[in-house]
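Below you'll find the structure, written out as structure tokens, and then a few comments.
Quick note: the coordinates plus some simple rules give every number you see, no bench work behind them. The structure displayed is predicted, hence computed values, not measured ones. Cβ: placed from backbone, ideal geometry, glycine included. Neighbour counts: every protein chain shown.
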Amino acid sequence: MHSKITILGAGLTGLTLAYLLQQQGFDFQILEAKKCVGGRLNTKLSGNHIPIDLGAAWLWDYNPNLKQLLNQLNLTIYPQEMGDKVWYQPHASADFQIMQMPPQQQVSYRINGGSTNLALSIAATLDKKQIHLNTVVESIEYVNHTYTIKTDQGIFTSDYVVSCIPPAVVANSISFDPQLPVDYLNVARETQTWMEDSIKFGIGFKSAFWEEKGLPATTFSNAGPIAEMYDYSNLAKDRFALMGFLHPHMNDINPEDREARVIKQLESIFGEDVLDYVTYEDYAWNQDIYVNSIPENRLVPHQNNGNLILRKSLNNNTLIMAGSETSAVLPGYMEGAVNSALKAFEMLKNCI
Ligand SMILES: Cc1cc2nc3c(=O)[nH]c(=O)nc-3n(C[C@H](O)[C@H](O)[C@H](O)COP(=O)(O)OP(=O)(O)OC[C@H]3O[C@@H](n4cnc5c(N)ncnc54)[C@H](O)[C@@H]3O)c2cc1C
């Protein structure tokens, strides 16, 4: 259970760092609390294997590091279907109306098979023995140039630790000896983990009936439960789905009721065709303690994201703080995660 480097968290930051370290022959281990890799990359292969991204879904042309990584892993990206018309409901007592969509400023791309494909493709290049799943980091002690990492699966040791866990989760749920600097803790606790309050849903169908009828899929509603929704059929066009975000007040509703309310709203838009749905999935991120450690602490979107204090290395550069929210570039996004991993990798290369 000793490696030169321990990476905390197997989200996109931790996995990208592992991918880079492995190519240069570094000795490392990854500790991940959940039973699978990916973190906020969370594609549900629902029903008839319809890939629905309940976490990150889109990337853009201004994400060069992410695009390069996808390229290296031979993963295909393709534009999100938007159409030129949308359904719009201005308020609860108004009906949905079809509106002209303004031209898109940036094309949003999807990863073929869903964003989890990226996490799984990286993991496939690593030695499985290096990834410890179902392993929750509880405390970290630094004595005599060695880190002792206590987890619910036992003790791991290393010379370097790279935290790829969102800063607020680090500050709220892992204890450090010596303690992390007070300025770090103060900022980290008030750092929003991007999308920590969101609820995403996806619903699979046997056919894209909206397309067959010439109706838009893209939907915006100020009333809810659906806030926004898009066509999420796959690239091969043999799996059909709608996917989107629910209004935050749906966090207070149980999953069965959420499903019933979404179906009802969809029926009011598309009619009875929706009742023939194959599968419904949703995920309330504010109930995921590894993303949103204190749900009642409401922070504004991107609060403190990219703050310099969050990426300061500690203990003479042996404790490196990484993760998308620490990135100077597009913090909170997948590009931020890849950028953060690249920076951590450079730091380790210079130190070891
Ligand atoms: C609903 C949603 C939609 C999004 N949409 C987009 C999008 O369209 N485009 C985009 O670019 N970005 C999007 N994002 C953001 C994107 O998902 C993140 O920027 C990126 O995945 C963050 O990667 P990360 O590795 O830094 O953090 P995470 O993915 O959060 O990884 C951290 C890992 O650490 C683990 N962990 C936490 N605590 C412990 C512990 N104590 N012990 C061990 N392991 C622990 C977690 O389980 C997790 O696997 C979205 C996020 C969400 C939630």
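Give me the aspartates and glutamates in straight-line cross-link reach of Lys34: C-alpha distance below 20 Å, same-chain residues under 8 apart excluded.
The reachable aspartates and glutamates, counting only those whose Cα sits under 20 Å from Lys34, are Asp53, Asp127, Glu138, Asp152, Glu196, Asp197, Glu281, Asp282, Asp288, Glu325.
Output the direction-averaged projected area (hull surface divided by four) of the convex hull of the alpha-carbon atoms of the chain, in nm².
Value for the chain: 17.6 nm².
With no solvent and one equal point scatterer placed on each C-alpha of the stretch 112-217, evaluate the Debye formula and give log10 I(q)/I(0) for q = 0.11, 0.12, 0.14 Å⁻¹, two decimals.
-0.58, -0.66, -0.81
For Lys85 and Val300, what is the calculated FRET efficiency with R₀ set at 30 Å and r taken between the beta-carbons, to the nearest 0.05?
0.40
Taking 7 Å along the Cα-to-C-beta vector as the label spot, tell me the His145-Ser268 distance in nanometres, rounded to one decimal.
Result for the modelled spin labels: 6.7 nm.
Toward the positive end of the charge dipole of the chain, about the Cα centre and with charges on Cβ (Lys, Arg +1; Asp, Glu -1), which of Gly244, Gln287, Val338 goes farthest?
Val338
In the stretch 1-122, what is the volume of the convex hull around the alpha carbon atoms, normalised per residue and reported in Å³?
161 Å³
Between Tyr78 and Asp276, with labels modelled 7 Å along Cα→Cβ, what's the label distance in nm to one decimal, could you check?
Result: 2.3 nm between the two label points.
So how do Val107, Val274 line up by other beta-carbon neighbours within 10 Å, fewest first?
In increasing order of surrounding Cβ atoms, one gets Val107, Val274.
In the stretch 211-352, with Lys and Arg counted as +1 and Asp and Glu as -1 at Cβ, which of these residues, Val262, Ile309, Ser324, has the Cα nearest the positive end of the dipole, that is, farthest along it?
Positive-most Cα among the choices belongs to Ile309.
To the nearest 20 debye, what charge dipole does the chain have about its Cα centre, counting +1 at the Cβ of each Lys and Arg and -1 at the Cβ of each Asp and Glu?
Using only the charged Cβ atoms, the result is roughly 900 debye.
Asp257 to Leu45: extension gain in nm, 0.36 nm per residue of separation minus the Cα-Cα distance?
Extra length available between Asp257 and Leu45 comes to 74.1 nm.
Once R0 is set to 22 Å, what does the formula 1/(1 + (r/R0)^6) return for the Cβ-Cβ distance between Asn317 and Gln22, expressed as a FRET efficiency to the nearest 0.05?
E between Asn317 and Gln22, to the nearest 0.05, is 0.55.
Expressed as a whole number of Å, what is the distance separating the alpha-carbon centroids of the stretch 139-202 and the stretch 313-336?
12 Å
Please report, to one decimal in angstroms, the Kirkwood hydrodynamic radius of the stretch 49-95 built from all distinct Cα-Cα pairs.
About 14.2 Å for the stretch 49-95.
Ser108 label point, 7 Å along Cα→Cβ, cut-off 20 Å on backbone N: hits in the stretch 160-197?
193-197
Normalised by the residues of the stretch 220-352, what does the relative contact order come to in percent, with Cα pairs under 8 Å and at least six apart?
Computed value for the stretch 220-352: 12 percent relative contact order.
Beyond 31 Å between alpha-carbons counts as too far, so tell me which of Lys4/Lys44; Lys200/Lys237; Lys237/Lys343 fall in that bin.
Lys4/Lys44; Lys237/Lys343
DSSP beta bridges in the chain, what fraction antiparallel, as a percent rounded to 5?
About 65 percent, rounded to the nearest 5.
What ranking do Asp53, Asp257 get, fewest neighbouring Cβ atoms within 10 angstrom at the top?
Neighbour counts put them in this order, fewest first: Asp257, Asp53.
Over the stretch 131-267, what is the percentage of antiparallel beta bridges among all DSSP beta bridges, to the nearest 5?
Here the share of antiparallel DSSP bridges comes out near 90 percent.
Each label point is 7 Å from the Cα along the Cα-to-Cβ direction; what then is the distance between the points at Lys35 and His247, in nm?
Reported label-point gap for Lys35 and His247 is 3.4 nm.
Quick one: order Thr116, Thr279 by neighbouring beta-carbon count within 10 Å, fewest to most.
With the fewest neighbours first, Thr116, Thr279 line up as Thr279, Thr116.
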